[in-house]
Amino acid sequence: MDEPIEVSVVVASHARHLRLRWLLNALEEQTFTGSWEAIVVHDYDASTAERVIERHPLSEAGRLRHIAIEPGTGSPARQRNIGWRAARAELVAFTDDDCRPDPRWLERLVASAREHPSEVVQGATRPDPLEAGVQAAPHVRTMRIEPVNAYRQTCNMLYPRDLLGRLEGFDERAITGEDVDLSLRAQQHGARIGPAPEALVFHAIESHTLAGIVRQNLKWRHLAYLTKRHPELRSEFRFGIFWDSEHMRITAAAVGLVASRRFPPLLVLTVPYVRHASRRRGHGWRKRALATAEIPGQAVRQFAEVLGLAAGSVEHRTLVL
Amino acid sequence: MTIRIALLGQRPGDELDALASGLERLDYRVDILSPRPLPLPERLLGARGFAGPLTQLPSLGYALGKGDYDVAHAFSAVDAAVALRWGQRRGRPVVFTCTEPIGRDSVADRRLRLRLLTAAVEDSNAVLAPTDAVRESLWRWFAVHAPLLDPKNASGHDQLYRRLLGTATKPSDRLLP
């Protein structure tokens with residue numbers, strides 16, 4: 001491709017070669033008529049990379065490049081940094097390998113960036129309707145983001161390349177929250193973050209066992225590191241401490257359960273949690289019965305998250321629950 | 001030596017019957033294993049978002065284990081899961097025929113669907129496509145090239161099974177592309 005490239009799409013991929021394939025299929029269907037490229041930074045073996053990436057139609061059309069790193073050396077931050085540094089365009093769009101961009105995603109994201117030069121752009125992310133059946137599982141991971149949110153996850157973001165350069169990209173010391181950190185540093189450098197709600201990406205809906213989702217969520221303990229770096233994040237927390245209302249309710253419920261042994265009226269602290277949890281699936285007696293039956297598992301998951309954050313708070317000497 | 005084949009199918013229809021008959025004419029011993037799912041548990045699993053049917057799997061596993069087969073050939077990703085476990089335990093090959101084209105809307109739409117399909121496509125000793133549409137969909141969504149083989153083509157399956165078992169009928173025998 002000789003013409004100047006208007007936008008580079010950067011994807012970090014690890015342990016999800018099939019979802020990466022599906023993402024590439026969705027990128028192949030983009031309606032954006034300008035010149036663009038996709039760069040995948042991954043740690044797959046040569047055989048997997050060859051069949052999933054190199055022989056994809058986007059590669060054969062000259063639109064897709066890939067950079068392989070040694071297994072065990074990657075992280076989302078490092079891989080995205082490698083990706084944007086290899087990008088040839090002035091605009092860098094990020095999405096994740098467990099996402100499915102709408103066909104007009106890139107077109108709308110770039111249109112927003114052109115309307116507001118030098119701005120960071122965040123699109124919208126919704127749970128993938130094609131995977132809605134999985135929502136019936138008790139422990140599910142997906143994303144729903146209306147821009148501009150507090151955390152600016154890179155499942156759907158666009159940055160000017162020169163801004164990435166000035167910020168030196170993602171913080172590779174961050175185990176998690178590197179995308180939040182980048183967006184906050186961008187704002188500290190005077191960049192504005194604007195919404196592009198029509199630039200839509202659909203996020204995978206994945207079910208896990210209770211043990212699996214607890215293990216996955218352990219990474220959130222590193223949010224204490226993020227909070228220490230960016231104390232302004234506390235304005236998003238409940239009472240400046242609790243990551244979200246769910247954590248606040250489960251902590252109160254746990255305190256109520258323990259303290260009620262000595263002082264039974266404190267059992268009332270469990271009521272907000274149970275009330276909210278029983279409505280998790282919506283209204284109607286069947287949905288409420290199902291949600292109520294799931295309370296023990298949900299409580300274990302949420303309390304494990306709080307304990308993980310507590311451990312991170314000790315490690316980084318700043319309280320986040 | 002008589003080769004013993006287990007054909008695993010939920011809806012044993014013309015195709016499986018034709019394949020079984022054709023293989024028997026080639027001196028195979030063929031059993032079609034199709035235990036029926038249990039309706040009420042299936043409804044409950046379906047309500048919880050699972051890709052089904054699933055409740056036939058214990059019976060299928062039992063039948064496979066009892067039969068002393070040389071090859072298990074599954075015609076659904078769910079049955080392939082049982083066949084793969086059997087194959088690992090017994091050191092026997094497993095073949096998976098993907099009977100319908102895969103699409104983005106059907107590859108991860110229910111719980112376990114993606115995991116079962118991935119295992120069937122990536123872990124089986126051979127993956128077959130009965131039509132071009134299936135073959136193309138396997139390439140598009142799984143980046144896997146599957147040979148085209150009509151399920152009713154007994155001699156084609158004969159060559160495949162013998163190749164997997166390491167017993168070619170003639171030196172010039174080729175695995176169908």
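Report whether or not A:L182 is among the hydrophobic types (A, V, I, L, M, F, W, C), under 22 Å from A:T95 (Cβ atoms), within 16 Å of the chain's Cα centre (by Cα) and modelled with pLDDT of 95 or more. Spelling it out, A:L182 is indeed among the hydrophobic types (A, V, I, L, M, F, W, C), under 22 Å from A:T95 (Cβ atoms), within 16 Å of the chain's Cα centre (by Cα) and modelled with pLDDT of 95 or more.
Among residues of segment A:88-122 being more than 14 Å from every other protein chain (Cβ to nearest Cβ) and closer than 22 Å to B:D105 by Cβ, the one that is surrounded by the fewest Cβ atoms within 10 Å (Cβ to Cβ) is A:R104.
The helices (runs of 4 or more DSSP H) found wholly in segment A:1-115 and carrying at least 1 residues that are touching a residue at least 60 places away in the same chain (Cβ under 8 Å) occupy A:17-28, A:76-85, A:105-115. Check whether at least one residue in segment B:59-75 is closer than 20 Å to A:L18 by Cβ and within 14 Å of chain A (Cβ to nearest Cβ), and report yes or no. So far as segment B:59-75 goes, no, none of its residues is closer than 20 Å to A:L18 by Cβ and within 14 Å of chain A (Cβ to nearest Cβ).
Exactly one residue out of B:A108, B:A120 is within 14 Å of the chain's Cα centre (by Cα) and either surrounded by fewer than 20 Cβ atoms within 10 Å (Cβ to Cβ) or at pLDDT 95 or above (or both), and it is B:A120. Taken as a whole, the structure leaves A:V268 outside the set of residues that are away from chain B (no Cβ under 14 Å), of a type in the set (A, V, I, L, M, F, W, C), under 30 Å from B:S106 (Cα atoms) and part of a helix (DSSP H, G or I). Quick check on segment A:158-168. Is at least one of its residues within 19 Å of the chain's Cα centre (by Cα) and assigned to a strand (DSSP E or B)? There is at least one residue in segment A:158-168 that is within 19 Å of the chain's Cα centre (by Cα) and assigned to a strand (DSSP E or B). Counting only strands (runs of 3 or more DSSP E) that sit wholly inside segment B:1-75, those with at least 3 residues that are surrounded by fewer than 18 Cβ atoms within 10 Å (Cβ to Cβ) are B:29-33.
For every residue, the table says whether it meets (1) outside any loop (DSSP other than H, G, I, E, B); (2) over 16 Å from the mean Cα position of the chain (by Cα); (3) within 14 Å of another protein chain (Cβ to nearest Cβ); (4) surrounded by fewer than 22 Cβ atoms within 10 Å (Cβ to Cβ).
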position: B:V95; (1), (2), (3), (4): yes, no, no, no
position: B:E100; (1), (2), (3), (4): no, no, no, yes
position: B:R104; (1), (2), (3), (4): no, yes, yes, yes
position: B:R115; (1), (2), (3), (4): yes, no, yes, yes
position: B:L128; (1), (2), (3), (4): yes, no, no, no
position: B:A133; (1), (2), (3), (4): yes, yes, no, yes
position: B:W139; (1), (2), (3), (4): yes, yes, yes, yes
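Considering A:A196, A:A204, the condition of being small (G, A, S), within 20 Å of the chain's Cα centre (by Cα), within 30 Å of B:L114 (Cα to Cα) and at pLDDT 95 or above is satisfied by A:A204 alone. More than 25 Å from the chain's Cα centre (by Cα), within 30 Å of A:H222 (Cβ to Cβ) and not in a loop (DSSP other than H, G, I, E, B): does that describe A:T251? Against the criterion (more than 25 Å from the chain's Cα centre (by Cα), within 30 Å of A:H222 (Cβ to Cβ) and not in a loop (DSSP other than H, G, I, E, B)), A:T251 does not qualify. Restricting the first member to segment B:17-29 and to residues that are more than 15 Å from B:P151 (Cα to Cα), and the second to residues that are surrounded by 15 or more Cβ atoms within 10 Å (Cβ to Cβ) and of a type in the set (F, W, Y), the beta-carbon pairs closer than 9 Å and six or more apart or on different chains are B:Y28/B:Y161; B:R29/B:Y69.
Taking segment A:218-240 as the range and being outside any helix (DSSP H, G or I) and in contact (Cβ under 8 Å) with a residue 12 or more places away in the chain as the test, the residues that pass are A:H230, A:F237.
Scanning segment A:195-217 for residues that are part of a strand (DSSP E or B), surrounded by fewer than 18 Cβ atoms within 10 Å (Cβ to Cβ) and touching a Pro at 6+ places or on another chain (Cβ under 8 Å) gives A:P195, A:P197.
Taken over segment A:130-152, the criterion of being part of a strand (DSSP E or B) and surrounded by fewer than 19 Cβ atoms within 10 Å (Cβ to Cβ) is satisfied by A:V140, A:R141.
Output the number of residues of segment B:142-168 satisfying the condition of being surrounded by fewer than 21 Cβ atoms within 10 Å (Cβ to Cβ) and within 14 Å of chain A (Cβ to nearest Cβ). The total comes to 2.
For segment A:8-32, taking the residues that are under 15 Å from A:R80 (Cβ atoms) and away from every other protein chain (no Cβ under 14 Å), the one that is surrounded by the most Cβ atoms within 10 Å (Cβ to Cβ) is identified as A:V9.
Quick one: would you say A:S13 is closer than 20 Å to A:F202 by Cα, in contact with a helix residue (DSSP H, G or I) (Cβ under 8 Å, 6 or more places away or on another chain) and of a type in the set (S, T, Y)? For A:S13, the condition - closer than 20 Å to A:F202 by Cα, in contact with a helix residue (DSSP H, G or I) (Cβ under 8 Å, 6 or more places away or on another chain) and of a type in the set (S, T, Y) - is met. So for segment A:127-142 (the condition being more than 14 Å from chain B (Cβ to nearest Cβ) and not charged (D, E, K, R)), does at least one residue qualify? Looking through segment A:127-142, none of the residues is more than 14 Å from chain B (Cβ to nearest Cβ) and not charged (D, E, K, R).
The values are calculated or read from the model by the stated rules, or taken from the named source; none is laboratory data. Predicted, not measured: the structure shown is a model, and the values here were computed from it. Positions of Cβ are generated from backbone atoms using ideal geometry, with glycine treated the same way; all protein chains shown enter the neighbour counts.
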